[in-house]
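Colleague: I'd like to ask you about the structure that follows.
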Amino acid sequence: MSAATSLDGSDTDIALDGGGGPGCAWTEAVCTAAPTHFLTLPVPGGESSTALLCRRHWLASLAYRIEVTMEVHPVAFDDLVLDYGEL
Amino acid sequence: MTKMTEAEQQAGAERAVRFGIHRRELRVLLAAERAGPGLPPYGTRVTPDDVDFESALTAAADFSWFAAVRLPDGRTARFTVSADAPEDEVGCEIDGRVQECIQAHTHLSRGPSAPVEAWWDWLQRSFVALGQHDEPWAGDGIEAQLERVERNIVYADTQTSAARRFADTGELEVWLTGVYAPSGLLPRVRRLDADAYAQSYGRAFTAEARAGDGPSLMSLGVSRQRDESEPTTVWYASYLDTTADPAQWFPADARIWQAVRIFADGGTVEAFDNDRCFDSGELAPYVRDGVAPIDADAWLVVEIAGVPGAQVFPAADVMLVAASDRDAAEISLEVGSIDGVLPLFALHDGFLRRWGPIVDPDAVVPEADLDRLEARVMQQIAETRG
Ligand SMILES: [Zn+2]
């Protein structure tokens, strides 16, 4: 678990630029669990990217956006997370 | 038995009053942690059960301390009362040695007296034990690095500090060098001769000059992508004005103002983005050689070998975030104002306190807990939609 954060409040918990492995996309710690859930997130330029996560890290990722990101940036949840659910 | 002077009697009476007040404060604090809403740092080994109020009642007849804390390493901390300390502040001794209360993130010392909740927070933060991992991918060795490549795992390290925590430019340079060491990139920290600079460029701080010449004074963004041979430079309409109040250096709403991000391979810079920096060549005549003190008036110049442009900022109110990521293939330095950044760190800390067991890879979380958390998160999402 990392106590690190970025000064601009951007999310550091999900790698959008690959990772590429078959496991959970959580990057704050090593997670070898099989993904069971997904998050579709916006990418600058209008594209979107889908991250596959285990349930634990899927919940933590959603909660981080609500409890940290949305407190820092005035942004609607639906603009921050385009889609989410179980695989 | 020696007779107490009147001054000693008065100090004793003052301590007796404070003894009662601080004892109550700590009891309230611990009760909030036991019952909520107070949440300790996740993984701390210092708990309310380790606090002993009773022994002070018998052993501290002079009211010099009001509670003892049994620490996980076997030592004992005592919260001390002094009639000389500012009101609402207490001291802390560990095995009889006076301690300094160190703030989270800035690592600045509050000195030997602080509010009791600051001490409690410091003690709890000082004894956070999270699982030590001995997996094959942990560590700096070549085999561990290969193991990480195989498994798509990256090593990351982020350190924060107030710039003024360091006594001189040498100390700050050692700190940065340590964070960047795995990358092989070398930072250099020096002090700007702010007076000499202001005398040479003072004329530029007129409306006419701001609109026209004096590009060396202008803030730059210099970047180069991997597939480019020449860097791209953009100019910002902000000037290096060392005569201005350092507190005005950052716009009020800016958490981050300056940053340099570098992609490297084996100590060679491959790509970079140095934002809101200044031209190193133009600055050179005004940069002091060697180690110089960091005091309240210091302006600092940070350069990283192989990257054009120098980060320049006043030391007074600055928070530095230095990071090494992707197995040191990416390093960065972010510069922001302490006041602007601390609320963000507080949000992040709060998240980790609440979600600690979920994000701790060593914690076992029952499915029933996840069911409960999922219900809560779904409700939170619904609430954001009003
Ligand atoms: Zn996971």
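Colleague: Can you find a residue in region B:241-251 that is without any contact (Cβ under 8 Å) to a residue 12 or more places away in the chain, more than 14 Å from B:S223 (Cβ to Cβ) and within 14 Å of chain A (Cβ to nearest Cβ)? Show your work before the answer.
Modeller: Kept after step one, since they are without any contact (Cβ under 8 Å) to a residue 12 or more places away in the chain, are these residues of region B:241-251: B:244-245, B:248, B:251.
Those left that are additionally more than 14 Å from B:S223 (Cβ to Cβ): B:244-245, B:248, B:251.
Still in the list and also within 14 Å of chain A (Cβ to nearest Cβ): B:251.
Checked against the condition, which is being without any contact (Cβ under 8 Å) to a residue 12 or more places away in the chain, more than 14 Å from B:S223 (Cβ to Cβ) and within 14 Å of chain A (Cβ to nearest Cβ), region B:241-251 yields at least one hit.
Colleague: What pairs can you find where one residue is in region B:61-76 and not assigned by TED's automatic domain parsing to the domain that holds B:V17, the other is in a strand (DSSP E or B) and among the hydroxyl-bearing types (S, T, Y), and their Cβ atoms are less than 6 Å apart, with a gap of 6+ or different chains?
Modeller: none
Colleague: May I ask you to list the residues in region B:252-269 that are within 15 Å of B:L185 (Cα to Cα) and either more than 14 Å from every other protein chain (Cβ to nearest Cβ) or at pLDDT below 90 (or both)?
Modeller: The answer is B:I262, B:A264, B:D265, B:G266, B:G267, B:T268, B:V269.
Colleague: Okay, next question. Look at B:T232 and say whether it is over 25 Å from A:V72 (Cα atoms), touching a residue at least 40 places away in the same chain (Cβ under 8 Å) and exposed (fewer than 15 other Cβ atoms within 10 Å of the Cβ).
Modeller: No; evaluated as a whole, the condition is false for this residue.
Colleague: Select the helices (runs of 4 or more DSSP H) contained entirely in region B:141-245, then report the ones holding at least 1 residues which are within 20 Å of B:A323 (Cβ to Cβ) and modelled with pLDDT of 80 or more.
Modeller: Where helices (runs of 4 or more DSSP H) fall fully within region B:141-245 and carry at least 1 residues being within 20 Å of B:A323 (Cβ to Cβ) and modelled with pLDDT of 80 or more, they are B:169-180.
Colleague: So in region A:72-87, with the set limited to residues that are surrounded by 16 or more Cβ atoms within 10 Å (Cβ to Cβ) and farther than 16 Å from A:S49 by Cβ, which one is farthest from the other protein chains (Cβ to nearest Cβ)?
Modeller: Out of the qualifying residues, it is A:V72.
The values are calculated or read from the model by the stated rules, or taken from the named source; none is laboratory data. Just so it is clear, the model here is predicted, and its values are computed rather than measured. Cβ sites come from the backbone with ideal geometry, for glycine too, and all protein chains shown count toward neighbours.
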